[in-house]
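Here the structure is laid out as C-alpha coordinates; the discussion comes afterwards.
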Amino acid sequence: MRHPNVLLIICDHLSTRVVGAYGEGEGCTPNIDRVAANGVSFGRVYTTYPLCMPARASFWTGRYPHQTLVESNGGKYTNGPLPEDLTTVGEHFKSVGYRCVHFGKAHDFGTLKGFEVFPVGEELSVPSPHEAWPENYDTWQDNDTLAKCEQWLAAATDEPFVCVADINNPHNICGWVGANNSMEGPVTAVPVPGVLPELPDNFTSDDLAELPLPVRYICCTHNRQAQTQHWDETNYRHYIAAFRHYTQLADDGVGRLLRALEGAGKLDNTIVVVMADHGDSQTSHGLVTKQVHFYDEVVRVPFIIAGPGITRNSGVCHEPLGSLLDLFPTLCGLTGVRLPTGLMGVDWSQFLGGGEAEIRSCVAAEWLTEWGHELSPGRMIRSERYKYIRYLEGDGEILYDMINDPGEKQNLAGEQSFSQVLQEHREMLARHVEESGDNFFSREVVVDERWRSHEPGWQCHRGIAAPMAQKS
Ligand code: ZN
(Lines give C-alpha, C1' and ligand atoms only; values in the text may rest on other atoms or scores of the structure.)
Protein backbone atom coordinates (compact mmCIF):
# COMPACT_ATOMS: atom_id res chain seq x y z
CA MET A 1 0.00 0.00 0.00
CA ARG A 2 1.22 3.49 -0.81
CA HIS A 3 1.50 5.52 2.37
CA PRO A 4 -0.74 8.58 2.27
CA ASN A 5 0.71 12.06 2.69
CA VAL A 6 -0.20 14.35 5.55
CA LEU A 7 -0.96 18.07 5.32
CA LEU A 8 -1.22 19.40 8.85
CA ILE A 9 -2.56 22.94 9.17
CA ILE A 10 -2.21 24.51 12.60
CA CYS A 11 -4.01 27.80 13.29
CA ASP A 12 -2.65 29.40 16.44
CA HIS A 13 -5.43 30.54 18.84
CA LEU A 14 -8.33 29.18 16.74
CA SER A 15 -11.35 28.52 18.95
CA THR A 16 -14.18 26.14 18.06
CA ARG A 17 -16.41 29.16 18.82
CA VAL A 18 -15.62 30.70 15.44
CA VAL A 19 -15.57 27.63 13.20
CA GLY A 20 -18.64 27.10 11.00
CA ALA A 21 -18.19 23.33 11.10
CA TYR A 22 -18.87 23.54 14.85
CA GLY A 23 -21.99 25.61 14.19
CA GLU A 24 -20.51 28.99 15.08
CA GLY A 25 -18.66 32.00 13.68
CA GLU A 26 -21.26 33.38 11.25
CA GLY A 27 -19.66 31.78 8.21
CA CYS A 28 -16.12 33.09 8.62
CA THR A 29 -14.44 29.71 7.89
CA PRO A 30 -15.73 28.41 4.51
CA ASN A 31 -12.47 26.61 3.68
CA ILE A 32 -12.07 24.88 7.04
CA ASP A 33 -15.72 23.90 6.72
CA ARG A 34 -14.92 22.33 3.36
CA VAL A 35 -12.36 20.04 5.03
CA ALA A 36 -14.93 19.25 7.72
CA ALA A 37 -17.61 18.41 5.14
CA ASN A 38 -15.36 15.64 3.81
CA GLY A 39 -14.12 14.43 7.16
CA VAL A 40 -14.72 14.27 10.90
CA SER A 41 -14.73 17.22 13.31
CA PHE A 42 -13.98 16.06 16.83
CA GLY A 43 -16.19 18.04 19.19
CA ARG A 44 -14.43 17.34 22.48
CA VAL A 45 -10.68 17.51 21.88
CA TYR A 46 -8.71 19.33 24.58
CA THR A 47 -5.30 20.93 24.49
CA THR A 48 -2.86 19.81 27.16
CA TYR A 49 -1.86 23.37 28.08
CA PRO A 50 -3.54 26.63 26.97
CA LEU A 51 -0.31 28.29 25.82
CA CYS A 52 1.67 28.02 22.57
CA MET A 53 5.03 26.49 23.41
CA PRO A 54 3.96 23.90 26.02
CA ALA A 55 1.00 22.80 23.87
CA ARG A 56 3.19 22.43 20.80
CA ALA A 57 6.00 20.55 22.54
CA SER A 58 3.29 18.27 23.90
CA PHE A 59 1.58 17.34 20.63
CA TRP A 60 4.85 17.04 18.70
CA THR A 61 5.99 14.41 21.19
CA GLY A 62 2.70 12.85 22.35
CA ARG A 63 3.53 13.56 26.03
CA TYR A 64 2.15 15.85 28.71
CA PRO A 65 3.96 19.14 29.41
CA HIS A 66 5.24 17.85 32.77
CA GLN A 67 6.90 15.05 30.76
CA THR A 68 8.40 17.24 28.04
CA LEU A 69 9.53 19.76 30.72
CA VAL A 70 8.25 22.55 28.46
CA GLU A 71 5.92 24.36 30.87
CA SER A 72 6.11 28.02 29.87
CA ASN A 73 6.71 30.29 26.88
CA GLY A 74 10.20 30.94 28.27
CA GLY A 75 11.18 34.29 29.74
CA LYS A 76 12.08 34.04 33.42
CA TYR A 77 11.16 30.36 33.59
CA THR A 78 13.69 27.90 32.22
CA ASN A 79 12.10 25.03 30.29
CA GLY A 80 13.64 21.62 29.73
CA PRO A 81 16.06 20.28 28.59
CA LEU A 82 13.90 17.86 26.60
CA PRO A 83 14.25 14.32 27.97
CA GLU A 84 16.42 12.31 25.59
CA ASP A 85 13.97 9.46 25.11
CA LEU A 86 11.28 11.68 23.55
CA THR A 87 10.54 10.83 19.92
CA THR A 88 9.04 13.62 17.87
CA VAL A 89 6.55 13.39 14.98
CA GLY A 90 9.25 14.64 12.59
CA GLU A 91 11.91 12.17 13.75
CA HIS A 92 9.52 9.25 13.65
CA PHE A 93 8.05 9.86 10.20
CA LYS A 94 11.49 10.66 8.79
CA SER A 95 12.80 7.35 10.15
CA VAL A 96 10.18 5.43 8.13
CA GLY A 97 10.90 7.25 4.86
CA TYR A 98 8.67 10.32 4.93
CA ARG A 99 9.87 13.75 3.84
CA CYS A 100 8.94 16.04 6.74
CA VAL A 101 8.74 19.78 6.04
CA HIS A 102 7.59 22.64 8.24
CA PHE A 103 6.53 26.16 7.25
CA GLY A 104 5.63 29.01 9.57
CA LYS A 105 5.41 29.48 13.31
CA ALA A 106 7.70 27.13 15.23
CA HIS A 107 7.60 28.02 18.95
CA ASP A 108 8.37 24.39 19.68
CA PHE A 109 11.42 24.27 22.03
CA GLY A 110 13.24 21.82 19.77
CA THR A 111 10.33 19.43 19.24
CA LEU A 112 10.27 19.99 15.47
CA LYS A 113 13.32 17.71 15.31
CA GLY A 114 13.17 15.64 12.12
CA PHE A 115 11.42 18.34 10.08
CA GLU A 116 13.20 20.44 7.48
CA VAL A 117 12.20 23.77 8.96
CA PHE A 118 11.85 26.57 6.41
CA PRO A 119 12.68 29.88 8.07
CA VAL A 120 9.80 32.21 8.91
CA GLY A 121 10.00 35.51 7.03
CA GLU A 122 8.11 38.76 6.94
CA GLU A 123 8.91 39.48 3.32
CA LEU A 124 5.25 39.89 2.43
CA SER A 125 4.40 42.61 4.92
CA VAL A 126 1.73 44.78 3.36
CA PRO A 127 -0.25 47.71 4.79
CA SER A 128 -3.43 46.61 6.56
CA PRO A 129 -6.49 47.26 4.38
CA HIS A 130 -8.74 47.75 7.44
CA GLU A 131 -8.05 50.50 9.95
CA ALA A 132 -10.07 48.64 12.60
CA TRP A 133 -8.01 45.47 12.24
CA PRO A 134 -4.31 46.36 12.19
CA GLU A 135 -1.96 43.64 11.02
CA ASN A 136 1.36 42.82 12.61
CA TYR A 137 4.12 40.21 12.22
CA ASP A 138 1.55 37.44 12.81
CA THR A 139 -0.23 38.20 9.55
CA TRP A 140 2.92 39.23 7.63
CA GLN A 141 4.65 35.97 8.50
CA ASP A 142 1.56 34.05 7.40
CA ASN A 143 1.67 35.74 3.98
CA ASP A 144 5.21 34.45 3.59
CA THR A 145 4.50 31.01 5.07
CA LEU A 146 1.56 30.41 2.74
CA ALA A 147 3.46 31.49 -0.38
CA LYS A 148 6.39 29.18 0.46
CA CYS A 149 4.16 26.25 1.40
CA GLU A 150 2.06 26.60 -1.77
CA GLN A 151 5.23 26.59 -3.82
CA TRP A 152 6.54 23.48 -2.08
CA LEU A 153 3.26 21.58 -2.50
CA ALA A 154 3.12 22.46 -6.20
CA ALA A 155 6.54 20.89 -6.72
CA ALA A 156 6.17 17.90 -4.34
CA THR A 157 7.42 14.59 -5.72
CA ASP A 158 5.95 11.10 -5.19
CA GLU A 159 7.93 10.66 -1.99
CA PRO A 160 5.38 10.49 0.90
CA PHE A 161 5.38 13.66 2.98
CA VAL A 162 4.26 15.24 6.22
CA CYS A 163 3.88 18.93 5.39
CA VAL A 164 3.09 21.32 8.23
CA ALA A 165 1.66 24.78 7.59
CA ASP A 166 1.88 26.55 10.92
CA ILE A 167 -0.32 29.64 10.59
CA ASN A 168 -0.12 32.41 13.22
CA ASN A 169 -3.64 33.72 12.73
CA PRO A 170 -5.99 34.36 14.42
CA HIS A 171 -3.14 35.15 16.88
CA ASN A 172 -2.99 38.69 15.47
CA ILE A 173 -5.81 39.31 18.01
CA CYS A 174 -3.14 39.72 20.70
CA GLY A 175 -1.68 42.68 18.80
CA TRP A 176 -5.23 44.01 18.36
CA VAL A 177 -5.68 44.10 22.16
CA GLY A 178 -2.39 46.02 22.38
CA ALA A 179 -3.74 48.49 19.81
CA ASN A 180 -6.87 48.93 21.99
CA ASN A 181 -4.98 49.08 25.28
CA SER A 182 -7.19 50.86 27.85
CA MET A 183 -4.76 51.01 30.76
CA GLU A 184 -4.68 54.81 30.57
CA GLY A 185 -8.49 55.11 30.34
CA PRO A 186 -11.40 54.23 28.04
CA VAL A 187 -10.65 53.72 24.33
CA THR A 188 -12.94 54.31 21.37
CA ALA A 189 -12.85 51.40 18.96
CA VAL A 190 -12.44 52.15 15.25
CA PRO A 191 -15.77 51.51 13.44
CA VAL A 192 -16.04 48.18 11.64
CA PRO A 193 -18.02 47.24 8.52
CA GLY A 194 -21.37 45.58 9.25
CA VAL A 195 -23.15 44.85 12.50
CA LEU A 196 -21.14 44.19 15.66
CA PRO A 197 -21.42 40.61 16.98
CA GLU A 198 -23.42 40.05 20.17
CA LEU A 199 -21.66 39.09 23.40
CA PRO A 200 -21.90 35.43 24.39
CA ASP A 201 -24.31 34.19 27.11
CA ASN A 202 -21.38 33.63 29.44
CA PHE A 203 -19.88 37.11 29.05
CA THR A 204 -20.55 37.59 32.76
CA SER A 205 -19.97 34.94 35.45
CA ASP A 206 -22.01 34.35 38.56
CA ASP A 207 -19.18 32.82 40.51
CA LEU A 208 -16.26 35.26 40.33
CA ALA A 209 -15.87 35.61 44.11
CA GLU A 210 -15.72 31.79 44.46
CA LEU A 211 -13.05 31.27 41.84
CA PRO A 212 -9.51 30.27 42.81
CA LEU A 213 -7.02 33.13 43.15
CA PRO A 214 -5.07 32.58 39.90
CA VAL A 215 -8.29 32.98 37.88
CA ARG A 216 -9.72 35.79 40.02
CA TYR A 217 -6.54 37.82 39.48
CA ILE A 218 -5.74 36.90 35.88
CA CYS A 219 -5.71 40.67 35.17
CA CYS A 220 -2.68 40.93 37.48
CA THR A 221 -0.58 38.27 35.77
CA HIS A 222 -1.64 38.55 32.14
CA ASN A 223 -0.70 41.69 30.20
CA ARG A 224 -3.50 41.36 27.67
CA GLN A 225 -6.18 41.12 30.35
CA ALA A 226 -4.72 44.14 32.14
CA GLN A 227 -4.98 46.05 28.86
CA THR A 228 -8.80 45.64 28.89
CA GLN A 229 -9.31 47.26 32.31
CA HIS A 230 -11.38 50.19 30.97
CA TRP A 231 -13.17 48.32 28.20
CA ASP A 232 -16.95 48.53 27.97
CA GLU A 233 -19.28 46.05 26.27
CA THR A 234 -18.79 47.72 22.89
CA ASN A 235 -15.04 47.17 23.11
CA TYR A 236 -15.65 43.48 23.79
CA ARG A 237 -17.99 43.24 20.81
CA HIS A 238 -15.26 44.78 18.68
CA TYR A 239 -12.90 42.11 20.01
CA ILE A 240 -15.16 39.36 18.65
CA ALA A 241 -15.45 41.15 15.28
CA ALA A 242 -11.65 41.47 15.11
CA PHE A 243 -11.18 37.84 16.07
CA ARG A 244 -13.49 36.74 13.28
CA HIS A 245 -11.54 38.91 10.85
CA TYR A 246 -8.19 37.34 11.80
CA THR A 247 -9.84 33.91 11.66
CA GLN A 248 -10.97 34.68 8.13
CA LEU A 249 -7.36 35.44 7.18
CA ALA A 250 -6.33 32.02 8.55
CA ASP A 251 -9.20 30.39 6.69
CA ASP A 252 -8.18 32.07 3.40
CA GLY A 253 -4.80 30.44 3.98
CA VAL A 254 -6.41 27.03 4.41
CA GLY A 255 -8.18 27.56 1.07
CA ARG A 256 -4.91 28.42 -0.68
CA LEU A 257 -3.23 25.28 0.65
CA LEU A 258 -6.13 23.04 -0.37
CA ARG A 259 -6.02 24.49 -3.88
CA ALA A 260 -2.26 23.93 -4.05
CA LEU A 261 -2.71 20.32 -2.95
CA GLU A 262 -5.45 19.79 -5.48
CA GLY A 263 -3.42 21.47 -8.24
CA ALA A 264 -0.55 19.08 -7.53
CA GLY A 265 -2.92 16.12 -7.92
CA LYS A 266 -2.35 15.03 -4.34
CA LEU A 267 -5.63 15.79 -2.59
CA ASP A 268 -6.94 12.20 -2.89
CA ASN A 269 -3.91 10.64 -1.27
CA THR A 270 -3.39 13.21 1.49
CA ILE A 271 -4.74 13.24 5.01
CA VAL A 272 -5.65 16.84 5.85
CA VAL A 273 -5.75 17.90 9.50
CA VAL A 274 -6.90 21.35 10.68
CA MET A 275 -6.30 22.05 14.34
CA ALA A 276 -5.19 24.64 16.90
CA ASP A 277 -2.65 24.60 19.73
CA HIS A 278 -5.21 26.25 22.04
CA GLY A 279 -8.30 28.41 21.66
CA ASP A 280 -9.27 31.93 22.66
CA SER A 281 -11.46 33.25 25.48
CA GLN A 282 -13.88 34.92 23.04
CA THR A 283 -14.97 37.39 25.78
CA SER A 284 -16.51 34.58 27.82
CA HIS A 285 -16.33 35.66 31.49
CA GLY A 286 -15.05 39.03 30.22
CA LEU A 287 -11.76 37.43 29.23
CA VAL A 288 -9.51 37.91 26.21
CA THR A 289 -6.81 35.76 24.61
CA LYS A 290 -5.67 32.93 26.93
CA GLN A 291 -3.78 32.34 30.13
CA VAL A 292 -4.13 30.57 33.49
CA HIS A 293 -7.81 29.50 33.20
CA PHE A 294 -9.27 26.32 31.65
CA TYR A 295 -12.57 27.58 30.20
CA ASP A 296 -13.76 25.58 27.20
CA GLU A 297 -13.32 28.47 24.77
CA VAL A 298 -9.58 28.15 25.36
CA VAL A 299 -8.93 24.47 26.06
CA ARG A 300 -11.41 22.77 23.72
CA VAL A 301 -9.89 23.06 20.26
CA PRO A 302 -10.92 22.42 16.66
CA PHE A 303 -9.60 19.07 15.46
CA ILE A 304 -10.76 18.17 11.96
CA ILE A 305 -9.45 15.28 9.87
CA ALA A 306 -10.27 14.29 6.30
CA GLY A 307 -8.67 12.06 3.68
CA PRO A 308 -7.99 8.44 2.78
CA GLY A 309 -9.13 5.90 5.37
CA ILE A 310 -11.68 8.23 6.92
CA THR A 311 -15.04 6.75 6.11
CA ARG A 312 -17.03 7.69 9.20
CA ASN A 313 -19.96 9.97 8.41
CA SER A 314 -18.91 13.58 8.33
CA GLY A 315 -20.10 16.09 10.89
CA VAL A 316 -19.27 16.97 14.46
CA CYS A 317 -18.55 13.97 16.58
CA HIS A 318 -19.29 14.73 20.23
CA GLU A 319 -18.83 11.26 21.71
CA PRO A 320 -15.14 10.62 22.29
CA LEU A 321 -13.12 12.68 24.74
CA GLY A 322 -9.97 13.55 22.85
CA SER A 323 -6.67 15.29 23.48
CA LEU A 324 -4.03 16.89 21.27
CA LEU A 325 -1.89 14.02 22.57
CA ASP A 326 -3.87 11.90 20.11
CA LEU A 327 -2.45 13.64 17.02
CA PHE A 328 0.80 11.62 16.92
CA PRO A 329 -0.71 8.11 17.36
CA THR A 330 -3.63 8.91 15.03
CA LEU A 331 -1.28 10.04 12.25
CA CYS A 332 0.62 6.78 12.69
CA GLY A 333 -2.61 4.76 12.50
CA LEU A 334 -3.92 6.54 9.42
CA THR A 335 -0.64 6.26 7.49
CA GLY A 336 0.07 2.67 8.52
CA VAL A 337 3.27 3.67 10.28
CA ARG A 338 4.23 1.80 13.45
CA LEU A 339 3.67 3.53 16.79
CA PRO A 340 6.69 4.62 18.80
CA THR A 341 6.68 3.60 22.46
CA GLY A 342 5.75 5.90 25.32
CA LEU A 343 3.00 7.95 23.67
CA MET A 344 0.21 9.05 26.02
CA GLY A 345 -2.56 9.55 23.45
CA VAL A 346 -5.13 7.44 21.61
CA ASP A 347 -4.98 6.33 17.96
CA TRP A 348 -8.36 7.29 16.43
CA SER A 349 -7.72 5.70 13.02
CA GLN A 350 -10.06 2.72 13.60
CA PHE A 351 -12.78 5.06 14.83
CA LEU A 352 -12.30 7.31 11.80
CA GLY A 353 -12.67 4.22 9.62
CA GLY A 354 -16.08 3.55 11.16
CA GLY A 355 -15.03 1.50 14.22
CA GLU A 356 -15.96 1.91 17.87
CA ALA A 357 -14.67 4.86 19.92
CA GLU A 358 -12.20 4.17 22.70
CA ILE A 359 -13.79 5.16 26.01
CA ARG A 360 -11.63 7.35 28.19
CA SER A 361 -12.66 8.21 31.72
CA CYS A 362 -11.06 11.66 31.38
CA VAL A 363 -8.51 13.91 29.66
CA ALA A 364 -6.15 16.31 31.43
CA ALA A 365 -4.60 19.74 30.90
CA GLU A 366 -1.94 21.66 32.80
CA TRP A 367 -0.80 25.17 33.73
CA LEU A 368 2.30 26.52 35.41
CA THR A 369 3.18 29.98 34.09
CA GLU A 370 3.33 32.14 30.98
CA TRP A 371 6.72 33.82 31.39
CA GLY A 372 7.74 32.78 34.91
CA HIS A 373 6.79 36.00 36.72
CA GLU A 374 4.59 33.85 38.92
CA LEU A 375 4.19 30.09 39.27
CA SER A 376 0.56 28.98 39.56
CA PRO A 377 0.47 25.18 39.16
CA GLY A 378 -2.97 24.00 38.00
CA ARG A 379 -4.51 20.87 36.54
CA MET A 380 -7.78 20.25 34.70
CA ILE A 381 -9.58 16.93 34.54
CA ARG A 382 -12.39 16.74 31.98
CA SER A 383 -14.58 13.69 32.57
CA GLU A 384 -17.59 12.58 30.60
CA ARG A 385 -19.87 15.11 32.30
CA TYR A 386 -17.82 17.40 34.56
CA LYS A 387 -14.77 19.60 34.48
CA TYR A 388 -12.65 19.64 37.63
CA ILE A 389 -9.83 22.15 38.12
CA ARG A 390 -7.34 22.32 40.95
CA TYR A 391 -4.83 25.12 41.63
CA LEU A 392 -2.28 24.70 44.38
CA GLU A 393 -2.44 28.37 45.38
CA GLY A 394 -5.01 28.63 48.19
CA ASP A 395 -6.11 25.02 47.48
CA GLY A 396 -8.42 26.43 44.81
CA GLU A 397 -10.93 24.07 43.22
CA ILE A 398 -13.54 24.40 40.49
CA LEU A 399 -16.23 21.93 39.44
CA TYR A 400 -18.47 22.60 36.44
CA ASP A 401 -21.37 20.51 35.22
CA MET A 402 -20.75 20.69 31.48
CA ILE A 403 -24.25 19.48 30.58
CA ASN A 404 -26.35 21.78 32.76
CA ASP A 405 -23.86 24.64 32.68
CA PRO A 406 -21.92 24.53 29.39
CA GLY A 407 -21.01 28.21 29.79
CA GLU A 408 -19.15 27.36 33.05
CA LYS A 409 -20.88 30.05 35.10
CA GLN A 410 -21.39 28.29 38.39
CA ASN A 411 -18.57 26.74 40.38
CA LEU A 412 -20.07 23.74 42.19
CA ALA A 413 -16.96 22.85 44.20
CA GLY A 414 -18.41 24.36 47.38
CA GLU A 415 -21.91 22.87 46.97
CA GLN A 416 -22.76 20.19 49.51
CA SER A 417 -24.92 18.28 47.01
CA PHE A 418 -21.89 17.83 44.73
CA SER A 419 -19.46 16.65 47.40
CA GLN A 420 -19.44 13.08 46.09
CA VAL A 421 -18.86 14.18 42.48
CA LEU A 422 -16.09 16.45 43.74
CA GLN A 423 -14.49 13.58 45.65
CA GLU A 424 -14.62 11.31 42.60
CA HIS A 425 -12.85 13.96 40.53
CA ARG A 426 -10.21 14.55 43.17
CA GLU A 427 -9.52 10.83 42.95
CA MET A 428 -9.41 10.97 39.15
CA LEU A 429 -6.79 13.71 39.37
CA ALA A 430 -4.80 11.73 41.96
CA ARG A 431 -4.83 8.68 39.66
CA HIS A 432 -3.87 10.71 36.61
CA VAL A 433 -1.01 12.37 38.46
CA GLU A 434 0.30 9.04 39.71
CA GLU A 435 -0.05 7.19 36.40
CA SER A 436 1.62 9.91 34.36
CA GLY A 437 4.47 10.49 36.83
CA ASP A 438 3.39 14.05 37.55
CA ASN A 439 4.80 15.73 40.67
CA PHE A 440 1.99 18.33 40.60
CA PHE A 441 1.15 18.20 44.32
CA SER A 442 4.70 19.07 45.34
CA ARG A 443 5.16 21.95 42.91
CA GLU A 444 6.11 25.36 44.21
CA VAL A 445 3.68 28.30 44.18
CA VAL A 446 5.29 31.71 43.63
CA VAL A 447 3.10 34.82 43.62
CA ASP A 448 3.85 38.28 44.97
CA GLU A 449 0.99 39.52 47.22
CA ARG A 450 0.79 42.78 45.28
CA TRP A 451 -0.86 40.79 42.47
CA ARG A 452 -3.61 39.55 44.79
CA SER A 453 -4.69 42.81 46.39
CA HIS A 454 -7.56 44.58 44.60
CA GLU A 455 -11.33 44.02 44.81
CA PRO A 456 -12.33 40.91 42.83
CA GLY A 457 -13.08 41.52 39.15
CA TRP A 458 -10.65 42.29 36.36
CA GLN A 459 -12.39 45.58 35.70
CA CYS A 460 -11.19 46.60 39.19
CA HIS A 461 -7.58 46.16 38.13
CA ARG A 462 -5.57 49.36 37.70
CA GLY A 463 -2.16 49.81 36.17
CA ILE A 464 0.22 47.25 34.77
CA ALA A 465 0.49 43.47 35.32
CA ALA A 466 3.31 41.36 36.72
CA PRO A 467 5.31 40.76 33.50
CA MET A 468 5.46 44.49 32.72
CA ALA A 469 6.29 45.44 36.31
CA GLN A 470 9.26 43.15 36.31
CA LYS A 471 10.43 44.30 32.92
CA SER A 472 10.59 47.94 33.99
ZN1 ZN B 1 -5.67 42.62 38.70
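The values are calculated or read from the model by the stated rules, or taken from the named source; none is laboratory data. Computed from a prediction, not measured in an experiment: that's the story for all the values here. In this analysis, Cβ positions are derived from the backbone assuming ideal geometry, glycine residues included, and neighbour counts consider all displayed protein chains. Areas reflect the complete protein model, heavy atoms only, side chains present, ligands, DNA and RNA absent. Shrake-Rupley method; radii C 1.70, N 1.55, O 1.52, S 1.80 Å.
Data overview
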{"item": "Any hit, the range 99-114, residues being closer than 30 Å to ASN180 by Cα and open to solvent by 40 Å² or more (accessible area, probe 1.4 Å)", "result": "yes"}
{"item": "Test: VAL162 is among the aliphatic types (A, V, I, L, M), outside any helix (DSSP H, G or I), away from the ligand (no atom under 16 Å from the Cβ) and open to solvent by less than 50 Å² (accessible area, probe 1.4 Å)", "result": "yes"}
{"item": "Segments classed as strands (runs of 3 or more DSSP E), wholly inside the range 299-393, with at least 2 members that are not hydrophobic (A, V, I, L, M, F, W, C)", "result": "378-383, 386-391"}
{"item": "The range 273-286: number of residues that are open to solvent by 10 Å² or more (accessible area, probe 1.4 Å) and closer than 16 Å to GLY39 by Cβ", "result": "0"}
{"item": "Residue ID - surrounded by the fewest Cβ atoms within 10 Å (Cβ to Cβ), chosen from residues in the range 454-472 that are over 25 Å from the mean Cα position of the chain (by Cα) and among the hydrophobic types (A, V, I, L, M, F, W, C)", "result": "CYS460"}
{"item": "Subset of the range 380-397 that is open to solvent by less than 10 Å² (accessible area, probe 1.4 Å) and in contact with a Phe, Trp or Tyr (Cβ under 7 Å, 6 or more places away or on another chain) - its residue that is farthest from TYR295 (Cα to Cα)", "result": "ILE381"}
{"item": "Test: residue in the range 412-419 that is more than 15 Å from ALA365 (Cβ to Cβ), more than 16 Å from the ligand (Cβ to nearest atom) and in contact (Cβ under 8 Å) with a residue 24 or more places away in the chain", "result": "yes"}
{"item": "Subset of the range 352-373 (residues that are at pLDDT 95 or above and open to solvent by less than 20 Å² (accessible area, probe 1.4 Å))", "result": "LEU352, VAL363, ALA364, ALA365, GLU366, TRP367, LEU368, THR369"}
{"item": "Subset of the range 378-392 [under 18 Å from ARG63 (Cα atoms) and not basic (Lys, Arg)]", "result": "GLY378, MET380, ILE381"}
{"item": "Residue list for the range 189-204, restricted to those being under 29 Å from TRP451 (Cβ atoms) and open to solvent by 70 Å² or more (accessible area, probe 1.4 Å)", "result": "THR204"}
{"item": "Condition check for HIS278: of a type outside the set (Asp, Glu) and in a helix (DSSP H, G or I)", "result": "no"}
{"item": "All positions within the range 363-391 that are over 20 Å from LEU69 (Cα atoms) and in contact with a His (Cβ under 7 Å, 6 or more places away or on another chain)", "result": "SER383, TYR386, TYR388"}
{"item": "Residue match in the range 439-453 (condition: within 16 Å of the ligand (Cβ to nearest atom), closer than 26 Å to PRO200 by Cα and open to solvent by less than 50 Å² (accessible area, probe 1.4 Å))", "result": "no"}
{"item": "Condition met for ASP207 (open to solvent by less than 10 Å² (accessible area, probe 1.4 Å) and in contact with a strand residue (DSSP E or B) (Cβ under 6 Å, 6 or more places away or on another chain))", "result": "no"}
{"item": "Selected residue [of a type in the set (S, T, N, Q), under 20 Å from HIS3 (Cα atoms) and at pLDDT 95 or above] from THR289, THR335", "result": "THR335"}
{"item": "Count - residues of the range 261-279 that are within 19 Å of LYS105 (Cβ to Cβ) and touching a helix residue (DSSP H, G or I) at 6+ places or on another chain (Cβ under 8 Å)", "result": "7"}
{"item": "Count of the range 64-84 residues which are over 16 Å from the mean Cα position of the chain (by Cα), of a type outside the set (Gly, Ala, Ser) and assigned to a loop (DSSP other than H, G, I, E, B)", "result": "9"}
{"item": "Qualifying helices (runs of 4 or more DSSP H) (wholly inside the range 176-260; at least 2 residues being among the hydrophobic types (A, V, I, L, M, F, W, C) and away from the ligand (no atom under 16 Å from the Cβ))", "result": "none"}
{"item": "Total residues in the range 40-63, condition buried (at least 24 other Cβ atoms within 10 Å of the Cβ) and either out of contact with any Leu (no Cβ under 9 Å at 6 or more places or on another chain) or not in a helix (DSSP H, G or I) (or both)", "result": "11"}
{"item": "Residues of the range 416-472 that turn out to be modelled with pLDDT of 95 or more, assigned to a helix (DSSP H, G or I), in contact with a helix residue (DSSP H, G or I) (Cβ under 9 Å, 6 or more places away or on another chain) and among the aliphatic types (A, V, I, L, M), as a count", "result": "3"}
